[in-house]
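One structure is given here, and the rest of the page talks about it.
Computed from the coordinates by the stated procedures, all read-outs in this text should not be read as laboratory data. Here the structure is a predicted model, which is why all the values come from computation and not from measurement. For neighbour counting, all protein chains shown are included, and Cβ atoms are generated from backbone atoms with ideal geometry for every residue, glycine included.
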Amino acid sequence: MPFLRLDVRRPGHADRTVYVPVTTRTSYLLTSSEGGLVLQFDRGDVVAARVRPLTIGDIGALLRRRRRHKRFQLPLGEGLVLQPLFHVSGSQGRELARALGSLAGWGFGTASDNLQKTLSRHFDGPPAEAPERRPTVEPKIAVALHLHYPDLWPEFEALLEATGRQFQLFLTLTQPDAALAQRVQARFPGAEITVYENRGRDVGPFIQLLREGKFDPFDLICKLHGKKSGQSGPRMVLGEIWRQVSAFDLIGSRGVVDRIIAEFERSPETQMIGSRRFRLPNEWKGEKAAWGENRAMALNLLEAMGMPGSRLDFFAGTMFWVRRGALEPLRRLDLPLAAFPEEAGQQDGTLQHALERVLGMICTKIGVASDGDMTTDSREADPIG
């Protein structure tokens, strides 16, 4: 992750921690109306090489793209502002600036609570939580995890183990991996591991588990996958944040899971709960952007299920908790894996992208969860609660 923790300590002011974008060599413009400033990074390999005045090149870069640079400012309080100077970092800086622009388009601006809290969780772990009330009836839980990238297993292993709950793990892969299977079985002895052809990303294997009746004995299903959006560049950064935010909001701690399950118990009409940060449409992604190139295919699927009037409302990235019963219309479609296209790096307009939208649209009431809270919205309510 191209970020570092920065601790800000000023005499007479409360200490503050922010998470700043960084490349292998990064310059920042720091403006302050007061003195007595101490900066300290928490990594020993970070060296503040020197302090220098602004150059003509710095000023020119800031003036040429004033609005763009302003988006990356980090207010530190009491008139103190940190401004990354990405032009100094060459191609790395340009790439990181594009990545931050992509994040801002999803509501994860550099200084936003969305991004700062996510990075705090990434670097520092979950905050301490008070014990949550356990549901009066323990539901039977299935966790469906798809990993095209096996290197992400340790991330999910740690989160799942920390939930403190009994569940049946269904792990789907696109290639046999004996070492991974051994590690998974050692940690979760009852796990079922299935290898599917690489079709339909995470959605195709999930639909096959549904078709095969694997979820039938369970009340609730938590659907997760090891999302990546490229191996480098702006899409990679977006994919890392996307995956971690969704996972933190759904299985980030015992308290997070307890709140979600308690909400299902409290509200029998709630059929799906996902990350509030990726529920679409929202204030950053309107209906046109949320549909993408998938409207016609999604509406055809809904009509085939007898649900033509459903409103667009879904969790981008297809990670959520859902009641097994809510998936019955989709099961009746009986979509084989061969119905999904072969993997070719498609970014939109495929059956899996249409189903990403349909999965939310077939639910009559959706809840939104985050690492710290949880609310529900009906179809008649505002789409982002």
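Taking the longest Cα principal axis of the chain as reference, the axis of helix 153-162 is set at about 80 degrees. Starting at the first residue of the stretch 198-211, write each ³J(HN,Hα) from the Karplus equation 6.51 cos²θ - 1.76 cosθ + 1.60 with θ = phi - 60°, in whole Hz, x for Gly and Pro. Whole-Hz 3J(HN,Hα) from phi for the stretch 198-211: 6, 10, x, 6, 7, 6, x, x, 4, 5, 5, 4, 5, 4. Dividing the Cα radius of gyration of the chain by its Kirkwood radius returns 1.00 for Rg/Rh. For the residues Glu78, Glu240, Glu197, a GNM of the chain with alpha-carbon springs under 10 Å puts the largest fluctuation on Glu78. Using alpha carbons only, the radius of gyration of the stretch 131-257 set against its Kirkwood radius gives Rg/Rh = 0.96.
With 26 Å as the limit on Cα-Cα distance, the pairs of Lys70/Lys228; Lys117/Lys214; Lys140/Lys365; Lys214/Lys288; Lys228/Lys288; Lys70/Lys227 that go past it are Lys70/Lys228; Lys117/Lys214; Lys214/Lys288; Lys70/Lys227. According to the Kirkwood relation over distinct C-alpha pairs, the hydrodynamic radius of the stretch 86-195 is 17.5 Å. Counting 0.36 nm for each residue step from Thr31 to Lys288 and taking away their Cα separation leaves a gain of 88.5 nm. Between amide H atoms placed 1.01 Å from N, distances below 5 Å from Gln168 occur with Ile141, Ala142, Val143, all of them 5 or more places distant or on a separate chain. Label positions at Thr24 and Leu333, each projected 7 Å from the Cα along the C-beta direction, are separated by 4.6 nm. Across the stretch 89-104, coupling constants 3J(HN,Hα) worked out from phi with the 6.51/-1.76/1.60 Karplus curve, θ = phi - 60°, read 8, x, 5, 4, x, 5, 5, 5, 4, 5, 4, 5, x, 4, 4, 4 Hz, and Gly and Pro carry x. Database remark: amide H of Tyr28 closer than 5 angstrom to the amide H of Leu85 (H placed geometrically; neighbours at sequence offset of 5 or more, or on other chains; Pro and chain starts carry no H). Using the Karplus relation 6.51 cos²θ - 1.76 cosθ + 1.60 with θ = phi - 60°, the per-residue 3J(HN,Hα) values for the stretch 267-272 come to 10, x, 7, 6, 10, 8 Hz, with x marking Gly and Pro.
Once amide H atoms are placed 1.01 Å from N in the peptide plane, what residues at a sequence separation of 5 or more from Leu76, or on another chain, have their amide H within under 5 Å of its amide H? Amide H neighbours of Leu76: Val81, Leu82. For the options Ala158, Ala290, Ala344, a Gaussian network treatment of the chain with springs between C-alpha atoms closer than 10 Å singles out Ala344 as fluctuating the most. Considering only Arg279, Arg243, Arg187, the Gaussian network model of the chain with Cα springs below 10 Å gives its largest mean-square fluctuation to Arg187.
The ranking of Met307, Met361 by Cβ neighbour count inside 10 Å, starting from the fewest, reads Met307, Met361.
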